[in-house]
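Everything below concerns the one structure shown next.
The values are calculated or read from the model by the stated rules, or taken from the named source; none is laboratory data. These figures come from a predicted structure and were not determined experimentally. Methodologically, a virtual Cβ is constructed for each residue, glycine included, from the backbone with ideal geometry; neighbour enumeration extends over all protein chains shown. To get the accessible areas, we keep the full protein, side chains included, count just its heavy atoms, and leave off ligands, DNA and RNA. Shrake-Rupley method; radii C 1.70, N 1.55, O 1.52, S 1.80 Å.
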Amino acid sequence: MSSSTTPADLEAGPRRDAKGEPPGRLKLGGLSINIRQSGIYIAFALIVVLFSALTDGALLQPQNISNIVVQNSYILILAIGMILIIIAGHIDLSVGSVVAVTGAVSAVLMVNYGVPWPLALLLTLVVGGLIGAWQGYWIAYFGIPSFIVTLAGMLLFRALTLTVLGNQGIGPFPDAVRTLSNGFTDSYLGNVGLGPLGGADVFSLLIGLIAIAGMAAAQWRTRAARAGYGQSVDPLPVFVLKVAAAAVLIMAVVVQLARFRNLPWVLVLLALLVLGYSLLANRSVFGRRIYAVGGNLQAAVLSGIKVKSVVFWIFVNMGVLAAVAGIIFAGRLNQAGPTAGNSFELDAIAAAFIGGAAVQGGVGKVVGAITGGLIMGVINNGMSLIGSPSERVMLVKGIVLLAAVAFDVWTKRRAGAGAR
């Protein structure tokens, strides 16, 4: 970060030009659209509409929406950590194996040794953090490329998982852990009639309204901060339209979940993680340093940022989140297995890149990574509903990933050509 960085820059997000606009922004009348950031949300909407039509509406049924959230929760958790690593210009190929070994550790503690589940979960998170610290040390302080270190970690921690578990799983898990992975919030305030939609849980609807209010307040605060420092902002009607569209989407999902079995607990956990890490990335000094390291490493060093410390701690964070995902995945299956986490690293990396992360680093958002993960989840679920074979699912996911990265390269070249 340069000495000219203002508090508004810290509020408004990474990389803006002299007019306060992110690169790749288009003006359509009064509507300002960042094609790099907004394209993913448009693509997500189109994919949902497509599969809704192909499945005769089955995709958007309450039970199926709940299944998509629960079945992809651990990938979304991994994507949150992965986007920070990719923004900083690194990669982590070991997260699938870390999911497996931390799930195994939690099972051994709770099932074999009878450790109370709160303490066992805390110890598992510590193990995940230590694994992240181990890898972060070799990358940040020893100078080995993250690709090599985490590739070695993928093999090491998979071997450790097999050593701990052998060829058998360990379970069952305590009820509290299974509830976190598969359970739903209670109907604390009863139901309310929604006309042709039937009844819906009042508590879930209130949570949805609170989430919308928080989102709107955060967006208004960002807009006010940018306007206060003379940066360009959307006209008020356009701003209201964007917030209203997001609010309608959030409430539509909440209503469907409230009609089924209320909010999944893992969705509550995800919401807290997304909120916390969005604030970390966009509103904290550490978050700005992550963008600075990935955007221009030499400038970050010259500006006094402790690059090694930043890199070390993002890998520690990735280890902790992989442990959370390991607990969630093991709890969902009700056992820790030796094959847990296979290919999870590929799904998490794909979610980050589909969600708008730049290959060279310095660009990306937590919400974008979550959207990328949901795109993968909707493709998996939608193609399963229409009976597509697994090889066709992999083909489509590969094409989507390639298209997302190609789009990133195209927008970057377009922005560069426009600057000239």
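If you go through the stretch 65-82 one residue at a time, do you hit one that is of a type in the set (Ser, Thr, Tyr) and not in a helix (DSSP H, G or I)? No, the stretch 65-82 contains no residue that is of a type in the set (Ser, Thr, Tyr) and not in a helix (DSSP H, G or I). Within the stretch 37-56, being open to solvent by less than 30 Å² (accessible area, probe 1.4 Å) and modelled with pLDDT under 85 holds for Gly39, Ile40. Of everything in the stretch 139-153, what is surrounded by fewer than 19 Cβ atoms within 10 Å (Cβ to Cβ) and either part of a helix (DSSP H, G or I) or touching a residue at least 24 places away in the same chain (Cβ under 8 Å) (or both)? Give them in sequence order. Of everything in the stretch 139-153, those that are surrounded by fewer than 19 Cβ atoms within 10 Å (Cβ to Cβ) and either part of a helix (DSSP H, G or I) or touching a residue at least 24 places away in the same chain (Cβ under 8 Å) (or both) turn out to be Tyr141, Phe147, Ile148, Leu151, Ala152. Restricting attention to the stretch 367-400, the residues that are farther than 17 Å from Tyr41 by Cβ and not small (Gly, Ala, Ser) total 14. Taking the criterion of being among the hydrophobic types (A, V, I, L, M, F, W, C) and buried (at least 17 other Cβ atoms within 10 Å of the Cβ), would at least one residue in the stretch 187-197 satisfy it? No: the stretch 187-197 contains no residue that is among the hydrophobic types (A, V, I, L, M, F, W, C) and buried (at least 17 other Cβ atoms within 10 Å of the Cβ).
For the stretch 71-80, residues that are in contact with a helix residue (DSSP H, G or I) (Cβ under 6 Å, 6 or more places away or on another chain) and open to solvent by 10 Å² or more (accessible area, probe 1.4 Å) total 3. For Leu270, indicate whether it is out of contact with any Gly (no Cβ under 6 Å at 6 or more places or on another chain), closer than 20 Å to Tyr41 by Cα, open to solvent by less than 40 Å² (accessible area, probe 1.4 Å) and not β-branched (Val, Ile, Thr). Criteria met by Leu270. Pairs linking a residue in the stretch 344-369 that is in contact (Cβ under 8 Å) with a residue 40 or more places away in the chain and open to solvent by 10 Å² or more (accessible area, probe 1.4 Å) to a residue that is in a helix (DSSP H, G or I) and among the charged types (D, E, K, R), with Cβ atoms under 7 Å and 6 or more positions apart or on different chains, are Gly356/Arg36; Val359/Asp408.
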